[in-house]
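Report on the structure given below.
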Amino acid sequence: MSAATHQQFRYEPVFVGKRKEELDELLTRYPTKMAALLPALWIVQEERGWVPAEGMAEVAHLLELTPAYVKGVVTFYTMYHQHPVAKHFIQVCTTSPCNVCGAEDVVNALLKHTGCEELGVNSADGKYCVIEVECLGACGFNTPLMVNERFIESVTVDSVPALLASLG
């Protein structure tokens, strides 16, 4: 690997300047450093778009935890991305109540219309990534989904093309 290529993949710490101040303030709200793990990981993801192994190590060091413990937390929660994700990260609830209302068909329509080859894989154009999630806490609506931080209720197979068009 050339020196120029190596520089391209160099990890820059997240917790410097204002982000370090943000973490320091955050730590005052919790009884232990470990208790601040989830919001610290969220800061890494906000800054980088995902939580790389180097980000997990940085958080582990700052919170005095083992890297293995931090990785265990990141791999447990679906809200943390372990690889770069597309511009529009689409999470579809596919638990039993949503499946009764057509969630699997919505997932298939999303995969077809986004060009994603399978769940969890970014589309070739980098615009979309579709995953299934266990519950979005919206059982009163037919097939809810989230696009990034935006909650959308009552999605149907027929509404998928317009939904995707609205994302730009």
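Assorted remarks:
- Residues in segment 76-97 that are over 11 Å from the mean Cα position of the chain (by Cα) and not in a loop (DSSP other than H, G, I, E, B): F76, V92, C93, S96, P97.
- The listed residues are K127, K112, and the only one of them that is farther than 24 Å from Q45 by Cβ and of a type in the set (K, R) turns out to be K112.
- Within segment 28-72, being farther than 19 Å from E12 by Cα, among the aliphatic types (A, V, I, L, M) and surrounded by fewer than 17 Cβ atoms within 10 Å (Cβ to Cβ) holds for M34, A35, L38, A68.
- Residue selection: T114 satisfies the criterion of being in contact with a strand residue (DSSP E or B) (Cβ under 7 Å, 6 or more places away or on another chain) and crowded, with 19+ Cβ neighbours inside 10 Å.
- Residues of segment 111-168 satisfying the condition of being free of Cβ contacts under 8 Å to residues at least 60 places away in the same chain, assigned to a loop (DSSP other than H, G, I, E, B) and under 16 Å from H81 (Cβ atoms): C116, L119, G120, V121, N122, S123, G126, K127, E149
- Number of the condition not met by V100 [criteria: (1) modelled with pLDDT under 95; (2) surrounded by fewer than 16 Cβ atoms within 10 Å (Cβ to Cβ); (3) more than 18 Å from the chain's Cα centre (by Cα); (4) within 26 Å of P39 (Cα to Cα)]: (4)
- Test: residue in segment 122-139 that is at pLDDT below 95, touching a helix residue (DSSP H, G or I) at 6+ places or on another chain (Cβ under 7 Å) and not charged (D, E, K, R): yes
- Qualifying residue in segment 138-145 (condition: over 24 Å from P13 (Cβ atoms) and either assigned by TED's automatic domain parsing to the domain that holds A40 or loosely packed, with under 13 Cβ neighbours inside 10 Å (or both)): yes
- Verdict on T5 being loosely packed, with under 12 Cβ neighbours inside 10 Å, at pLDDT below 95 and hydroxyl-bearing (S, T, Y): yes
- Among the candidates G55, G102, residue that is within 26 Å of L136 (Cα to Cα), among the small types (G, A, S) and either in the same structural domain as L145 (by TED's automatic domain parsing) or touching a residue at least 24 places away in the same chain (Cβ under 8 Å) (or both): G102
The values are calculated or read from the model by the stated rules, or taken from the named source; none is laboratory data. Only a predicted model underlies this, so the values are computations on that prediction, with no experimental measurement involved. Every residue, glycine as well, gets a Cβ built from its backbone with ideal geometry; the counts of neighbours run over all protein chains shown.
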